[in-house]
Amino acid sequence: MTDSMDLIPAPLSAEHRGSAPGHVTLDARTVLDAGPGTEGTARRLRADLGAATGLPLPDGTGERAVRLRISEEVAREHGPEGYRLTTGAPGAAVLVEGGGPAGVFWGAQTLRQLLGPDAYRRAPVTDRAWTLPHTTVEDRPRFGWRGLMLDVSRHFTPKDDVLRLLDLLAAHKLNVLHFHLTDDQGWRIEIERHPRLTEVGSWRARSKWGHRASPLWTDTPHGGFYTRDDIREIVAYAAERHITVVPEIDLPGHSQAAIAAYPELGNTDVVDTAALTVWDTWGVNPNVLAPTEEVLRFYEGVFEEVLELFPSPFVHVGGDECPKDQWKASPAAQARMRELGLADEDELQSWFVRHFDRWLTARGRRLIGWDEILEGGLAEGAAVSSWRGYAGGIAAAEAGHDVVMCPEQHVYLDHRQAPGEDEPMPIGYVRTLEDVYRFEPVPPGLSPEAAARILGTQANVWTEVMENRSRVDYQVFPRLAAFAEVAWSALPAPGERDYTGFERRMDTHYRRLDALGVDYRPPAGPLPRQRRPGVLGRPLEGTPPNV
């Protein structure tokens, strides 16, 4: 019979084999038999399962082996990220066959889930037997881009917490970390040729506590940045887990931290940019980059170092929420528009984006930006992160551009999880676990050609009201488990998802999260220590429009 076996995300198929409830035991005699291309997964199994079980899991072959193989048959049937996991197979205790190295790795994540929640601990807690039912699981992802965007600019995430988050993404079969590294409130990546970006731009004197309407402040200076070696470590750690790290360097808006470090980047004829500091509150900032050749050369230098550190085929340039007031008031900007033959300030923003689209393309990379890059004309070859509902993604896909769906109304995990007053610093729409679970990344009515342009989907985590790891945990989990199933699992039928079955499987998954030490929101609501009484959020009335 078919049975989900409490797996999250739900696999394509999972079947107990035979009429008798046979099982396989992993014990001190269990070995790892890693075929070519699977050595990385073997290292992870030995480290993760070895820690939780206390088993040595040495290299070896035979009937006691966990055998890891890349299979051309699985590749044909399920693609490079697909896998087949068989327990009690002839000649091996466990056989994990993947369409490629990533498929083997995702199969190993399923193996870990089948061993039970204690398989996620860092040391053995019982002398239990580690058993697996005789099972065959066949699986493949629905989308190739299954991501989480982490904003480390508003509140800095220490490197070890980023590494921990990568482990959590891998456990949920997510494969993209969109790393939002720069904004008005802080510049978080070391750039050797422009040292003031981190010397000045990575620190602010204080921070707004809660929504920007709150009268409260935190007067402790806030900041931090990742060194080049930190970035190399994060990228390598992600790669071993088959996760791509996509860097975001914001331009031409969301740039006050950079302008505070290098005032000449701003519109100096209308603003005293030398008086600007790293911004200490939230919202849309009016200080944007000046449209000069010097600014282009500066950011080309930034991107040269970014490309050296990040092998991702995509580089995100932001491109969102860029107020045009300074350009309208600036004689220099207006003269530049006339020189370039641009009709208005929207086209000037598009000129910025098109420049870096060509620049990245010439270096074998692809530009991706928020859906505002559609304004003034979409850069040729650019992909779109559709955040203001579905509309931008639909327009981009129908025009032949690739799209990542991440609409604010559905997958912004900084938004509150319930309407009650106990939710800490509540902002945005109410997005419950069930709401996220029922999100559909492919809008109905798209032509088949446009639907094929949906690369996938990602959830976004903006950290204005998330000052530490526990707050990020609370906002992200358990909703990330629901999102992971949206991104990975095929729909049983158009528009159909079994939330009741998912909720039942979550009973086991909460125990996995407990073993991993995740400070998630309990189903019954926040614990007393998770609340933030008296700190204003930004509740929005009603249900978000489905746009």
Size of charge dipole - segment 223-362 - debye, nearest 20, with Cβ of Lys, Arg +1 and Asp, Glu -1, no other charges: 180 debye
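Taking the beta-carbon count within 10 Å as an exposure proxy, list Leu513, Leu163 from fewest neighbours to most. Mind showing how you got there, number by number?
On the way: Leu513 21, Leu163 15.
Going from sparsest to densest Cβ surroundings: Leu163, Leu513.
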Dipole of the chain [Lys/Arg +1, Asp/Glu -1 at C-beta], most positive-end residue of Tyr437, Thr87, Leu378: Thr87
Work out the charge dipole of the chain with +1 on the Cβ of Lys and Arg and -1 on the Cβ of Asp and Glu about the Cα centre, then indicate which of Pro492, Leu150, Gly341 is farthest towards its positive end. Pro492
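Sum up the charges of everything whose Cβ sits under 9 Å from the Cβ of Glu192, counting Lys and Arg as +1 and Asp and Glu as -1, but leave Glu192 out. If you can, show how the numbers build up before the last one.
On the way: positive: Arg193, Arg228; negative: Glu190, Glu305.
Combined, the nearby Lys, Arg, Asp and Glu give 0.
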Of Ser202, Asn287, Asn175, which is farthest on the positive side of the dipole of segment 145-539, counting Cα position, with +1 on Lys and Arg Cβ, -1 on Asp and Glu Cβ, and the Cα centre as origin? Asn175
Stick to Cα atoms and the Kirkwood definition of Rh, then tell me Rg/Rh for segment 145-539. 0.96
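Nothing charged except the Cβ atoms of Lys and Arg (+1) and of Asp and Glu (-1): what's the magnitude of the dipole of segment 13-139 about its Cα centre? Round to the nearest 20 debye. All intermediate terms of the calculation are to be shown ahead of the outcome.
Values: 14 positive and 16 negative charges, 81 e Å.
Using only the charged Cβ atoms, the result is roughly 380 debye.
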Cβ-Cβ cut-off under 12 Å around Pro117, Lys and Arg +1, Asp and Glu -1: the net charge is +1
Could you sort the peptides 229-241, 252-264, 451-463 by per-residue average Cβ neighbour count (10 Å cutoff), highest mean leading? 252-264, 451-463, 229-241
Of the beta bridges DSSP finds with both residues in segment 13-139, what % are antiparallel, to the nearest 5? 65 percent
18 Å Cα-Cα reach of Lys159 towards lysines, excluding residues that sit fewer than 8 places from it in its own chain: none
Within the under-11-Å Cβ sphere about Glu294, not counting Glu294, Lys/Arg +1 and Asp/Glu -1 give a net charge of -2
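Suppose only helical runs count, i.e. DSSP H with n ≥ 4. What mean residue ellipticity at 222 nm does that imply for the chain under -39500 (n - 2.57) per run, divided by all residues and rounded to the nearest 500 deg cm²/dmol?
Numbers: 18 runs with 178 residues, N = 547.
Mean residue ellipticity at 222 nm (helix-derived): -9500 deg cm²/dmol.
Charges at C-beta only: +1 for Lys and Arg, -1 for Asp and Glu. How large is the resulting dipole of segment 145-539 about its Cα centre, in Debye rounded to 20? Show your work: numbers first, answer last.
Numbers: 43 positive and 60 negative charges, 204 e Å.
Dipole of segment 145-539, to the nearest 20 debye: 980 debye.
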Full extension between Ala391 and Glu503 adds, at 0.36 nm per residue less the Cα distance, a length in nm of 37.3 nm
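FYI, it's all coordinate maths here, none of it is from the lab. Note that the coordinates shown come from a computational prediction; the quantities given were computed from them, not determined experimentally. Note: ideal-geometry Cβ built from the backbone for every residue, glycine included; neighbour counts use all protein chains shown.
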